[in-house]
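Written out below as structure tokens is the structure these notes cover.
The values are calculated or read from the model by the stated rules, or taken from the named source; none is laboratory data. Keep in mind that what you see is a predicted model, and the values were worked out from it rather than measured. Quick reminder, even Gly has a Cβ in these numbers, built from the backbone with ideal geometry, and neighbours come from all protein chains shown.
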Amino acid sequence: MECIFCKIANGEIPSATLYEDNDFRVILDVNPASKGHTLILPKKHADNLYELPDETASKALVLAKSMASKIERALECDGLNLVQNNGETAGQTVFHFHMHIIPRYKNDNVKLGWKPGKLSDAMREELLSILK
Ligand code: 5GP
Ligand code: ZN
């Protein structure tokens, strides 16, 4: 198996581990966007969110919440982003599901954003007809 996050999550490759249980390992990102940038990795491989079992998805968010709270208290950051990328176009570079916890500090250099568009009547109706 050639997945680097499988190897890290299961302890075959050492990592700066903040938390571990039967299902997850939580590590420091090796190329942090900000001080305390953390990754939540399930131990069982799923390429992305679409493939993640429901039970793992539920546990991942509960774990993200507790890690985020701990990071916020310990690092006294001014804000925090929870980020999860699916597909190369969305910025995914490691194809093993993971969640980023990115602490934010006033005047930090983290860029996450988009230019707000405008939902037209036609697009709203089209999307409601497809997605509802
Ligand atoms: P993605 O772009 O796929 O959402 O995020 C991948 C993240 O994994 C990046 O932030 C990158 O810095 C981090 N990363 C990639 N390889 C390693 C590694 O070997 N160890 C650690 N700790 N983080 C890694
Ligand atoms: Zn994997």
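Some observations on this one:
- All positions within the stretch 47-65 that are closer than 12 Å to M99 by Cβ and either in contact (Cβ under 8 Å) with a residue 24 or more places away in the chain or of a type outside the set (V, I, T) (or both): N48, L49, L52, T56, A57, K59, A60, L61, L63, A64, K65
- For first residues located in the stretch 87-105 and over 22 Å from K70 (Cα atoms), partners that are surrounded by fewer than 19 Cβ atoms within 10 Å (Cβ to Cβ) and among the acidic types (D, E) and lie 6+ apart or on another chain with Cβ distances below 6 Å form the pairs F95/D47.
- Sole exception among (1) part of a helix (DSSP H, G or I); (2) closer than 22 Å to G113 by Cβ; (3) within 15 Å of ligand 1 (Cβ to nearest atom) for E72, by number: (3)
- Among residues of the stretch 2-46, those that are free of Cβ contacts under 8 Å to residues at least 40 places away in the same chain and either outside any loop (DSSP other than H, G, I, E, B) or of a type in the set (A, V, I, L, M, F, W, C) (or both), counted: 11
- Whichever residue in the stretch 40-63 is in contact with a helix residue (DSSP H, G or I) (Cβ under 8 Å, 6 or more places away or on another chain) and not basic (K, R) and, among such residues, is nearest to ligand 2 (Cβ to nearest atom): H45
- Looking across the stretch 112-132, the residues that are exposed (fewer than 10 other Cβ atoms within 10 Å of the Cβ), modelled with pLDDT of 95 or more, of a type outside the set (S, T, N, Q) and closer than 30 Å to P53 by Cα come down to W114, L128, I130, L131, K132.
- Of all the residues in the stretch 3-39, those that are over 16 Å from M67 (Cβ atoms), of a type in the set (D, E, K, R) and either more than 9 Å from ligand 2 (Cβ to nearest atom) or in contact with a Pro (Cβ under 8 Å, 6 or more places away or on another chain) (or both) number 1.
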